[in-house]
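The values are calculated or read from the model by the stated rules, or taken from the named source; none is laboratory data. Please read these numbers as outputs of a predicted model, since none were measured by experiment. Every residue, glycine as well, gets a Cβ built from its backbone with ideal geometry; the counts of neighbours run over all protein chains shown. Side chains are part of the model used for accessible areas, which takes the heavy atoms of the whole protein and leaves out ligands, DNA and RNA. Shrake-Rupley method; radii C 1.70, N 1.55, O 1.52, S 1.80 Å.
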Amino acid sequence: MKQLFTLICLLLLILSSFAQTTVRISGRVTDPSANPLNGATISLLSVKDSSLVKIYASDKNGRYELENLLPGKYLLAVSAVGHSKSYSSVFEVQPTGASIQMEPIILRIQSKDLKEVVVVSNKPMVEMKMDRMVVNVDAAVSNVGATVLEVLEKSPGVQVDKDGNISLKGKQGVIVMLDGRPSYLGGAELANLLKGMQATQVDQIEIMTNPPAKYDAAGNSGIINIKTKKNKISGFNGSVTAGYSQGKLPKTNENVNVNYRNGKVNLFANYSFSNNKQTQQLDIYRRYKNADKSTNAIFEQTSVMNRNRTNNNLKLGMDYYLNKKTTIGIVLSGFYNPGREWGHNTSFLKNPDAMVDSIVEARSNIEDTWKNFSANVNVRRQFDSAGRELSVDVDYVKYAASNSQYFINTTYTPDWERKYDEQLQGHLPVDINIYSAKADYTHPLKKGSRIEFGWKSSYVTTDSKANYFEFNAGMWETDLRKTNFFDYKENVNAAYVSYNRQLTEKLGLQSGLRFENTNYDGHQYGNPTKGDSSFRKSYNSLFPTIYLSYGASKIHQFGLSFGRRIDRPAYQDLNPFLFFLDKYTYGAGNPYLKPQYSNNFEFSHIYKSFLTTTLNYSITNNLFTEVFDQDGYATIVREGNIGRRENAGIAVNAQITVTKWYTSMVYTNYNYSKFSGVLYGDPISVEAGNLTLNVNNQLKFKKGWSAELSGWYRSKGVEGQMVLQPMGAVTAGISKQLWKGKGTVRLNMRDIFYTQVAHGSINFKSTEAKFTNTRDSRVGNITFTYRFGKPMNGNGNGQRKKSGGVEEQNRVKSGE
């Protein structure tokens, strides 16, 4: 790493020697009273044919900056809700790279004689930027009625596995953010949260495989930032959405979003409710082998699980503008998500000749409630119009979960003669408290360059209990083999610096370096049969990032990036508890789990602004993934470090305008992974390729009609010890605008051919296993949205800030 860091520093010095004047177009958008207009749409048009080159938005001070423009003549078309559209004068970008300061663009308020103004924005489904890909959620008709997890599932390069775990370009370890703020969740609970959020709440999804230094270094495969919708119009505005879905079981979703902005105060609130009933069938086949690979026994199990989860999400906030340069904000949010799961499975244990030896019928009833409260206070200070800015965020987040389990296993003879019952109760409460603070400062330099630096600290405490009771001789007794108590504390301190500059007319640079200091200790409290144990560790790490962009011509643009990342274990994955799933399947933690590090390289080429090709390569050390162990006939699932992974891939994204009313987006990614290391004392070497394909066709018709036909496919691939078979889904939808754009009705059907079924196999120790997981994925939806409110005069145009924590979001897991 020292050699790598030295090489990067030398590269920066060499590139800086070629520095020339930056090409920058800047200006302001105001109303007739000189009040700045926030969120005004700024369209950069080519004078030659009036074609759209790029779309920008003004900030809270009405300012905008356009960079990396190729030589040529342009003009700006500027619009904002409640105001008349306006155009700038024609300007020319010279090859010499001289910056241009535009005259203020004044938008006049629409005449009161107009009954209403409807602004329709036709955004592309996917936008490519220097350090991220942006997915515009409303651009796809079929996203309405879908959950956010389902939107992610069909986003370019994103995969969601059978358990709801998210991976990016074939690699797990993704950090998922909400409005730049942490959800502090991972695994099953992150999946539950995203299932409880509706796509109608989301504006954009940012996908960053190599995030800048200001973001936490966590997430070896990158960051996914989910940006919810924010009303930027003065006055009282909002929307209501109601939807109904029908698969094998019914589902409903409702959402209310309101915003009031006037003068120095901006108030906003969002409440969503959903009730999601699901059914799932899991079929498992296990063959237990002798030392000579002959069959020792056979295990076959069919499980049917039904779930009913209610999601209540509430967000309240206020922005107060002390003056034109200082804003104070507060955001309070939380959710209350009770759920119930009841299941029934039948297991057949057979001898080597496949004759039934015994039968176990298991029934389970699990009730859990996951509660959250979070508070964010932020201050933003802009010192001048040049861009000097300081922002400070303080966060507190609390999670409290209760989980009550009841299991009864009945053992039968091969002739279904009842032998005996086993009953087990479990009570698994979890309490997590997270404290976080950060500060970020931006300072412009000469010739259009910019430097940013900041600091962040977080402190996390988790208390997890597992209280299990067996029913013996007519009374409940504590099961000391499973009962446990785990306490974990962690502190992460970080500092970063980044530098951004347009070195020449064609060459741009963005670089950064982040330092993180991590300290943690865990304590497993003993019981009469288990000893007390604890662990403690501190370590420091450096994380460099660099981005180079080169605009060779109007046709060809190139990008090159490098970033080092870390993935820390989820809090509960360090917990040595043994979690009971059924008589033959357990989950367990691993207190010796180490963080994994990865070095990520990416090269991209954009052709004529519609075809993007990306090559990527990464090396991950101390790779941890889900591993499988054996205890008699029982399988134990835990996270484990298995060694090293090399990952290489190529991705192609094309956005094709077939006609004025028909556009198509095609994304394909081929990824090749190689796993090597040692597992349970035995060497492991697995390698395989994986192909993913996303196709989205958008059709726009007259009188407010539109439609979509889309689908995705994932070929056979490898996840750690597991081999997954191909799967995919086809979706179709139709939409109609009502009441001059104020209302929208959408209908769609997801997974039309019911092909989203997970199949897989695994070999570990003396066991080989196969599974089929069938979910309630074929669902029809109908959704209605109504937008209300009128814009009004006022300069309360502010932008809500992102808060402090980033990494901790993905590291909270429940015992689900």
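Full extension of the chain between GLU65 and GLU254 gives 64.2 nm of extra length, using 0.36 nm per residue less the Cα-Cα distance.
Here each label is just a point 7 Å from Cα along the line to Cβ, and for GLU103 and LEU390 those points are 3.8 nm apart.
Extent along the principal axes, Cα only, for region 680-778: 68, 24, 21 Å, with the longest axis given first. Rolling a 1.4 Å probe across the protein heavy atoms gives region 26-95 an accessible surface of 43 Å² per residue. Measuring spread by the Cα atoms of region 346-400 yields a radius of gyration and Dmax of 29.1, 81 Å. Working from label points 7 Å from Cα in the Cα-to-Cβ sense, the PHE610 to TRP342 distance is 5.6 nm. FRET efficiency for the SER676 to LYS537 pair, using the beta carbon distance and R₀ = 25 Å, is estimated at 0.50. Computed over the chain, relative contact order equals 14 percent, with contacts defined as Cα pairs under 8 Å that lie 6+ residues apart. Compare the Cα positions of GLN281, VAL658, PRO576 along the charge dipole of the chain (+1 at Cβ of Lys, Arg; -1 at Cβ of Asp, Glu; about the Cα centre) and return the one farthest towards the positive end. The listed residue farthest towards the positive side: VAL658. For region 316-472, the normalised intensity computed at q = 0.13, 0.17, 0.20 Å⁻¹ comes to -0.81, -1.05, -1.19 (log10 of I(q)/I(0), Debye sum over alpha carbons, equal scatterers, no solvent). Dividing the alpha-carbon radius of gyration of region 220-279 by 2.2 N^0.38 Å (N being the number of residues), what value is obtained? Relative to the rule-of-thumb radius for its length, region 220-279 sits at 1.57. One compactness figure for region 644-696 is 1.81, namely its Cα radius of gyration divided by 2.2 N^0.38 Å. Measuring only protein heavy atoms, the 1.4 Å probe finds ASP138 accessible over about 80 Å².
Each stretch of four or more DSSP H residues adds -39500 (n - 2.57); spread over every residue of the chain, this sum gives -1000 deg cm²/dmol at 222 nm. Using C-alpha pairs below 8 Å separated by at least 6 residues, the relative contact order for region 195-351 is 17 percent.
Helix 2-16 axis versus longest C-alpha principal axis of the chain: approximately 20°, rounded to the nearest ten. If R0 equals 22 Å, the separation of the Cβ atoms of ARG363 and THR478 corresponds to a calculated FRET efficiency of about 0.50. Looking at region 411-503, the accessible area is 48 square angstrom per residue; that uses a 1.4 Å probe and ignores ligands, DNA and RNA. Between SER685 and ALA588, residue separation times 0.36 nm minus the direct Cα-Cα distance comes to 32.5 nm. From the P(r) of region 620-767, can you give the percent of Cα pairs sitting at distances over 22 Å? Everything past 22 Å amounts to 58 percent. When the alpha carbon gyration tensor of the chain is reduced to an equivalent ellipsoid, the three semi-axes, largest first, read 48, 30, 27 Å.
Against the criterion of solvent-accessible heavy-atom surface with a 1.4 angstrom probe, ILE619, ILE330 sort, most first, into ILE330, ILE619. The charge dipole of the chain, taken about the Cα centre with unit charges on the Cβ atoms of Lys, Arg (+1) and Asp, Glu (-1), comes to about 3460 debye, rounded to the nearest 20.
In whole percent, and with a 1.4 Å probe on the protein chains, what portion of the accessible area of the chain is carbon and sulfur? The C+S portion of the solvent-accessible surface of the chain is 58 percent.
For region 682-729, the solvent-accessible area of protein heavy atoms averages 48 Å² per residue (probe radius 1.4 Å; ligands and nucleic acids excluded).
Computed from Cα atoms, the angle from the helix 187-196 axis to the main principal axis of the chain rounds to 50 degrees. Couplings 3J(HN,Hα) for region 470-486, derived from phi with the Karplus relation 6.51 cos²θ - 1.76 cosθ + 1.60 (θ = phi - 60°), are 9, 9, 10, 6, x, 8, 8, 10, 5, 8, 6, 6, 10, 5, 7, 9, 10 Hz, where x marks Gly and Pro. Once the Cβ-Cβ distance of TYR441 and ASN323 is raised to the sixth power relative to R0 = 25 Å, the FRET efficiency obtained is 0.85. Ordering ASP415, ASP203 by accessible surface, largest first, gives ASP415, ASP203; the 1.4 Å probe counts only protein heavy atoms, with every chain in place.
Here each label is just a point 7 Å from Cα along the line to Cβ, and for SER89 and THR657 those points are 2.9 nm apart.
Across the cross-link table entries LYS227/LYS371; LYS350/LYS583; LYS169/LYS447, which are compared at the Cα atoms, the separations over 27 Å belong to LYS169/LYS447. For the residue pairs LYS438/LYS489; LYS315/LYS465; LYS229/LYS702; LYS398/LYS438, alpha carbon separations beyond 22 Å are given by LYS315/LYS465; LYS229/LYS702.
The stretch between ALA291 and SER761 holds 167.2 nm of extra length on full extension. This uses 0.36 nm per residue minus the Cα-Cα distance.
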